[in-house]
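Here's the structure we're looking at; comments come further down.
Values in this text are rule-based calculations from the coordinates and carry no lab data. Keep in mind that this is a model prediction, so the values were computed, not measured. Using ideal geometry, Cβ is built from the backbone for each residue, glycine included, and neighbour counts are taken over all protein chains shown.
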Amino acid sequence: MPPLPDILTQLNDDMRSGGDWGDVASYIPELAHIDPAQFAIAVTMADGETFTAGDADTPFSVQSITKVFTLAIALGRSGDQLWRRVGREPSGRAFNSIVQLEQEEGRPRNPFINAGAIVTTDEILTGRAPRETLAEILQFIRAAAGDDDIHINHAVAASEKSHGHRNFALAHFLASCGNLNNAPEKTLGTYFHHCAIEMSARQLAMSGRFLIDTPKLPRLILPQRIRRLNALMLTCGHYDGSGDFAYRVGLPAKSGVGGGILAIVPGIASVAVWSPGLNRYGNSRKGTEAMAQLARTMNWSVF
Ligand code: GLN
C-alpha cells in the first residue's frame, strides 16, 4: 500500500477530476453562495500526527457535526436521564422532519436529527445563560482539537435564525409536548450559534481524536461513552442516508450541511472531509465518495 500522504493526494486529485459536486445548502442564505467545487481531507492518527490534502486549512461551517460535541456534553451533564427526552433509533426521515416528531409525541428519534439536537442543546442550557453554554461548547471543541483558534461565525448564525422557520416549528412543537425547558427562542439561539462554529478539515480531524478510543489520548469523556457515541454516529450520523453510508463506508461518522463529515476509525484515526456540495440527504456528495474510497484503500471498517 502507498504511504498515507500519497493516498490522500491521489484522493484529492480523483475528487477534483470530474463528476457532480452536488448542491450547497441554500436554505441558510449565508451558505448558499459558497463554491461547491472545493475539497479537503485530513487524517489525524491516534498519536496526533495529521496528514492532509486539498483545502485542509479553509474554515467551513461544521453545522450538525457539533451535535456530536453537544451530545457528549449533555451525557456528561445528565447521564442516562437524557434518554428520557430523546431516543437512540435511526430516523429514516429527513434531518428536519416535522411529521415524525408529531407521530412520536415530541420525543425525537435520536440526538442527531434537528429535533433531537434542539433537545440536547436545551438540556445543557438549563440553569445557564446561552453565552455560558456556547463558551462551554467552544471550550470542549477547542480542548478536543488542541486549538484555540476555533470560533462561531455570527453571520451564519444570524442567517439561519432569520430563515429558521422549520427549526422554530420543531422547537415550538417540543415545547407544546413539555419537552423543552427553555423558551424556544433561547434554545434555538444557542443551537444556531453552535451549528455556526467553523473549523478547517485539519481542526475537525484533530477535534475527533477523543472518539478514537485508545489509551494514548487524554480523556474528555468517560471511556464507555466513546463507544456509545460511535454507535450513534454509525446508526444515525447521516440521517436517512445512514444505512447507505454504513454500507459504503463502514465507519461511524457525522455529517453537516456545511459539507463536512467527521469519521472515526476506532483505535486508529479520526478523519475529516469537506466538500460543500450535498447529495439529496443533505450529506456531502464528494465527501461521502472520498470516505468510501479512503476506507476501501486503507481497509478501514468496523465490520
Ligand atoms: N443548523 C442546521 C439546521 O438546523 C443543521 C443541519 C445539518 O447540518 N444537517 O438545519
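Angle check, please: helix 165-176 long axis (alpha carbons) against the longest principal axis of the chain (alpha carbons), in degrees 0 to 90, nearest 10.
Taking the Cα atoms of the chain, the angle to 165-176 is about 50 degrees.
Cross-link candidates for K67: which lysines have Cα within less than 16 Å, leaving aside residues fewer than 8 places away along the same chain?
K254
For the ranges 52-63, 148-159, what's the packing order if you count other beta-carbon atoms within 10 Å of each residue, average per peptide, and put the highest first? Don't skip to the answer; put the middle values down first.
Details: 52-63: 22.3, 148-159: 16.3.
Packing order, densest peptide first, comes out as 52-63, 148-159.
Specify whether the C-alpha gyration tensor of the chain places it in the rounded, prolate or oblate class, a ≥ b ≥ c being the square roots of the eigenvalues: rounded for a/c under 1.5, otherwise prolate if a/b is larger than b/c and oblate if not.
Prolate, since a/c reaches 1.5 and a/b exceeds b/c.
When the Cα centres of segment 220-295 and segment 117-143 are compared, how far apart do they sit, in Å?
Each part's Cα centre sits 23 Å from the other's.
Quick one: which residues, 5 or more positions from G22 or on another chain, have an amide H under 5 Å from its amide H? H modelled 1.01 Å from N in the peptide plane, none for Pro or chain starts.
none
When the chain is modelled as a GNM with alpha-carbon springs shorter than 10 Å, which of G79, G146, G241 fluctuates the most?
G79
Angle, helix 223-236 long axis vs. longest principal axis of the chain, Cα atoms, 0 to 90°, nearest 10?
That helix lies at roughly 90 degrees to the long axis.
Return the equivalent ellipsoid semi-axes of segment 144-303 as a descending list in whole Å, where each equals the square root of 5 times an eigenvalue of the C-alpha gyration tensor.
In descending order, the three semi-axes are 28, 18, 17 Å.
Quick one: which residues, 5+ away or cross-chain, put their amide H under 5 Å from the amide H of A46? H built at 1.01 Å from N.
Those lying under 5 Å, H to H, from A46: there are none.
Highest first, please rank the peptides 10-22, 112-124 by the mean number of other Cβ atoms sitting within 10 Å of their residues.
112-124, 10-22
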